[in-house]
Amino acid sequence: MEPIRTVTSIVAPLDRVNVDTDQIIPKQFLKRIERTGYGDFLFYDWRANAAGVADPGFVLNDPRYKGARILVAGKNFGCGASREHAAWALADYGFRVVIAPTFADIFFSNAGKNGIVLVRLSEEQVAELMHKASTKPNYQLTVSLEDLTVNDNDGFHAKFEVDAFRRYCLLEGLDDIGLTLRHEKALDTFEAKHNENFWLKAKVVQ
Amino acid sequence: MINGPKTLFEKIWQQHLVAEPEGEPSLLYIDLQLLHEVTSPQAFEGLRLAGRTVRNPNRCIATVDHNIPTTIEGRLNIVDQIAARQMSTLRQNCKDFGIELYDVDSPNQGIVHIIGPELGLTKPGMTIVCGDSHTSTHGAFGALAFGIGTSEVEHVLATQTLPQSRAKTFRIAVEGDLKPGVTAKDIVLAIIGKIGTDGATGCVIEFAGSAIRSLSMEGRMTVCNMSIEAGARAGLIAPDEKTFAYLKGRRFSPTGAAWEAAVAEWKKLPTDEGAKFDRELTIDAATLEPYVSWGTSPGMVAPITAAVPNPADAPNEIERKSLEKALEYMDLKAGTKLDAIEIDRVFIGSCTNGRIEDLRAAARIARGYKVSTRVSAMVVPGSQAVKSQAENEGLDKIFIAAGFEWREPGCSMCLAMNPDILAPGERCASTSNRNFEGRQGRGGRTHLVSPEMAAAAAIAGHFVDTRNWPVRNEAAKENA
Ligand code: SF4
C-alpha cells in the first residue's frame, strides 16, 4: 500500500446521499478475478446509459473534474454490499480522499485498506464544499492526513478525525497481515487453548 | 475485561480476544470462514503473492452461489466465460489450499448463508465471517457473524484472526404476538423502515422479545439476515431450545456426550440479567402488518394497506430529493395504493427467504391457483438440501402446477450476477433483501416482500394483503 500524507486536488461533487456499493461498482464487474483495472467501471451505471452513451450531466463525465482525487458526497456513503471492489474502483480511478458526513461500516474499513482516506465532516461543511465544488471553477482542496485538516484557498478550514491506528497505517502504507503477525506467539498460544473449546469448532471431529 | 453482567455480544467478544494492542483494534479469533467465488479470488491471489498459506483450512468451507446459473442446462454449459473462470479459480484455490468445496455437483451446494446452518457449521458462540454482507444471517444462532471485504478474507485465511474495533450494542425487543399473516420478513422490514438504513451503524443488534423468540430458526435467520440493511455490523439472537433442536444431528454438530457438553456451554451465552446495552428499542409486534418496499432503499417500506408516500411531505430538502429520485426510478406516483401496483416478475428465494419454511409458506398461498398471465414467476430454493426437502414434500409440484418455474439453488435474481435478470423497466416482487437501483438488473424495479406476499402477488398480478388470502387446499387444475 502506498503511503499517503497530503492530497491537493480539484474536487468532484457527487450530490447524492446513501451512495451504495452497487452504484460505485455495479455487480457485472465483480466477476473478474484481479484486484486492478476497476477504475473504468466506477459508477458505471451513472456514467453511461444502457447503450453505453455517456451521460454528460454526470460529474465524472464533466471535463471540469477530470483528474480529481477528492470526492465529496452525501451521508452514508458506501452502504450496501461489502464488496471491496468499490474501494478498488475508487482507488484505481484515482480517488485518494472521500469527504462525506457519514460512511457505512464495511466500506469504511475497505477504504482504509486500500489507501483511501475517508474524511467525516458535518452536513453543513459538506454542503459548503459541495456548493463550492459545483460552482467555483477549478476549486481545489488540500487534505492533510498529518494535520487532520481540510483547507481551501477561500477561507474553508476544517479539522477531521481518523482512528489513530488507521492513520498510522495510511501514513506508513502498512499491510494488515504483517501487522497481525507481530502477535503470532500470542495467536499460537490462544489457538491451542481455544481449540479445546470443541463446541466452537466449525467441524467437530469426534 | 468487562465485569458484572454481560451481553451475548460481550461474551463472544471476550472468548475470542487474541490480543488487545494499545491504541490499535483488538485481534479477534475467527472460528469459521465461508468462501464463495466472487469475493475470494483476489484474497488467494494475495496469499500467493506474499508466499503465505491458509492457517487453518478446517475452519473454512467454500461453495458456488452468486454466479451459478439456476437451470440445469445453464449449469452444464456456462455461457458467461468470466463467471466460469471465477468458479474454476475457486476450484483451483480450494484444491491448492486444502479447503472443502461444495461445488455445483455437490448435494451440499447452495447459498453460503443457507448451507452453513444446514450443515451444522454455524453454532452458537462462534465468530463467523464471509466476504458477503449477509453473513449476519448466522447471528440467528447466537454466533457473532459479519461480512468482510476481500482484504479481510485474505487476512483471515492467513491468520485466522481479524483486527476489529468493538461494536456498540443495540437491543431491539419485539414484544407481543404477531398478527396472523405477519412474518419474520415483515418484522425486519418494519425495523429498517423505522430506524433507517443507517439506524444501527457501528452496532451489533441483539434481537430479543417474545415475538423474536416465537419465530422458528428460519424466521430468525430472515431477521438477522437483513440487520445489515439497517447498517448494523451484525445481528444476534440468543440461542435457546429451538436453536439446539435445529442443530441436533446436523453433519458437523457434536454427538453423544459431546453434544450434551456443547449445549451446556451454549446455554451460558444469553445476555445476563441486568447487562447494559448502548441503545435499546422496543417494538410492539401487534402493530406490524405485511410490508412492501416502494423505493430504492430497504428503509423505503410501508404496510400493504398504505400508499406510496408524497415527497412533499418529506421532513427536509435532502429527504425530499431522495424520495423524488426513488419514485422516478420506481416509476411510481405518490398516493398510489400499494395493492394497486402491478408487477411483471416474482422472485422467491435468496439467503433472506430461500429456506424450506419460506417455500412452504409460499406454496400454501399458491396451492390451487395460477400465476397471473401478466407475471413470470420463479422459485429458487436456497440450497440443494432445501430443494430436495421441498420436492419430498411435493412443494415443487404445487409451484409448477401454479405456473412458477422451479429452479436449481443459487443467489439467482437476488443480485443478477447470473442469467436471472430483470429487463429494464420490469417490476418484481422479490423475497430478497435489497431494492437498490439496478440490483436485480439494470433499470429493474424491486419491491421487497415476504414469500407469502410474493406468491400472492404472482397470482393476483399486483400486491395483495395476504391476511385476506383465501387459502385453497386442492391443487390447481390444468388450465383452470
Ligand atoms: S442471496 Fe443475495 S444477498 Fe444472499 S448471498 Fe446471494 S447475492 Fe448475497
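When residues of region A:68-81 are filtered for being open to solvent by 10 Å² or more (accessible area, probe 1.4 Å) and either within 16 Å of the ligand (Cβ to nearest atom) or assigned to a strand (DSSP E or B) (or both), how many remain?
Of the residues in that region, 3 qualify.
Looking only at residues that are facing chain A (nearest Cβ under 10 Å) and under 26 Å from the mean Cα position of the chain (by Cα) in region B:251-268, which one is most open to solvent (accessible area, probe 1.4 Å)?
B:Arg251
Taking the criterion of being farther than 26 Å from A:Asn110 by Cβ and either within 16 Å of the ligand (Cβ to nearest atom) or not charged (D, E, K, R) (or both), would at least one residue in region B:157-171 satisfy it?
No, region B:157-171 has no match at all.
Which one of these is surrounded by 23 or more Cβ atoms within 10 Å (Cβ to Cβ), within 16 Å of the ligand (Cβ to nearest atom) and more than 11 Å from chain A (Cβ to nearest Cβ): B:Ile128, B:Ile148, B:Ile111?
B:Ile111
Specify the residue that is farthest from B:Leu35 (Cα to Cα); the eligible residues are those in region B:64-89 that are facing another protein chain (nearest Cβ under 10 Å), within 15 Å of the ligand (Cβ to nearest atom) and not polar (S, T, N, Q).
Per the criteria, the residue is B:Ala83.
Quick test for you: out of B:Leu269, B:Leu338, pick the one residue that is within 26 Å of A:Asp20 (Cα to Cα) and away from the ligand (no atom under 16 Å from the Cβ).
The unique qualifying residue is B:Leu338.
Has region A:139-162 got at least one residue that is within 14 Å of another protein chain (Cβ to nearest Cβ) and within 21 Å of B:Gln160 (Cα to Cα)?
The answer is no, given that none of the residues of region A:139-162 is within 14 Å of another protein chain (Cβ to nearest Cβ) and within 21 Å of B:Gln160 (Cα to Cα).
Name the helices (runs of 4 or more DSSP H) wholly inside region B:78-181 in which the number of residues that are of a type in the set (Ser, Thr, Tyr) is 1 or more.
Of the helices (runs of 4 or more DSSP H) lying wholly inside region B:78-181, those with at least 1 residues that are of a type in the set (Ser, Thr, Tyr) span B:81-97, B:150-159.
Identify all residues within region B:32-55 that are open to solvent by 30 Å² or more (accessible area, probe 1.4 Å), of a type outside the set (Gly, Ala, Ser) and either within 16 Å of the ligand (Cβ to nearest atom) or out of contact with any Asp or Glu (no Cβ under 8 Å at 6 or more places or on another chain) (or both); write none if there are none.
Selection gives B:Arg48, B:Leu49, B:Arg52, B:Thr53, B:Arg55.
Would you say B:Ile400 is among the aliphatic types (A, V, I, L, M) and surrounded by fewer than 19 Cβ atoms within 10 Å (Cβ to Cβ)?
Yes.
Sort out which residues of region B:405-440 are of a type in the set (Gly, Ala, Ser), within 14 Å of the ligand (Cβ to nearest atom), in a loop (DSSP other than H, G, I, E, B) and modelled with pLDDT of 95 or more, and write them in order of number.
B:Gly410, B:Ser432, listed by residue number.
Would you say B:Ala230 is out of contact with any strand residue (DSSP E or B) (no Cβ under 6 Å at 6 or more places or on another chain), at pLDDT 95 or above, away from the ligand (no atom under 16 Å from the Cβ) and not hydroxyl-bearing (Ser, Thr, Tyr)?
no
Condition first: hydroxyl-bearing (Ser, Thr, Tyr) and either assigned to a strand (DSSP E or B) or in contact with a Pro (Cβ under 9 Å, 6 or more places away or on another chain) (or both). Now tell me which residues in region B:267-288 satisfy that.
Matches in region B:267-288: B:Thr271, B:Thr282.
For the list (1) on the phi < 0 side of the Ramachandran plot; (2) free of Cβ contacts under 8 Å to residues at least 60 places away in the same chain, I need the number of the one condition that A:Gly155 fails.
It fails just one condition, (1).
Of these, B:Ile356, B:Ile421, which one is open to solvent by 30 Å² or more (accessible area, probe 1.4 Å) and within 30 Å of B:Glu37 (Cα to Cα)?
Answer to the selection: B:Ile421.
For every residue, the table says whether it meets (1) assigned to a helix (DSSP H, G or I); (2) away from the ligand (no atom under 16 Å from the Cβ); (3) among the basic types (Lys, Arg); (4) modelled with pLDDT of 95 or more.
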residue	(1), (2), (3), (4)
B:Ser322	yes, yes, no, no
B:Glu328	yes, yes, no, yes
B:Ala334	no, yes, no, yes
B:Cys351	yes, no, no, yes
B:Arg360	yes, yes, yes, yes
B:Arg364	yes, yes, yes, yes
B:Tyr369	no, yes, no, yes
B:Ala377	no, yes, no, yes
B:Pro381	no, no, no, yes
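The values are calculated or read from the model by the stated rules, or taken from the named source; none is laboratory data. These numbers were taken from a predicted model, which means no experiment stands behind them. Positions of Cβ are backbone-derived with ideal geometry, glycine not excepted, and every protein chain shown enters the neighbour counts. Areas reflect the complete protein model, heavy atoms only, side chains present, ligands, DNA and RNA absent. Shrake-Rupley method; radii C 1.70, N 1.55, O 1.52, S 1.80 Å.
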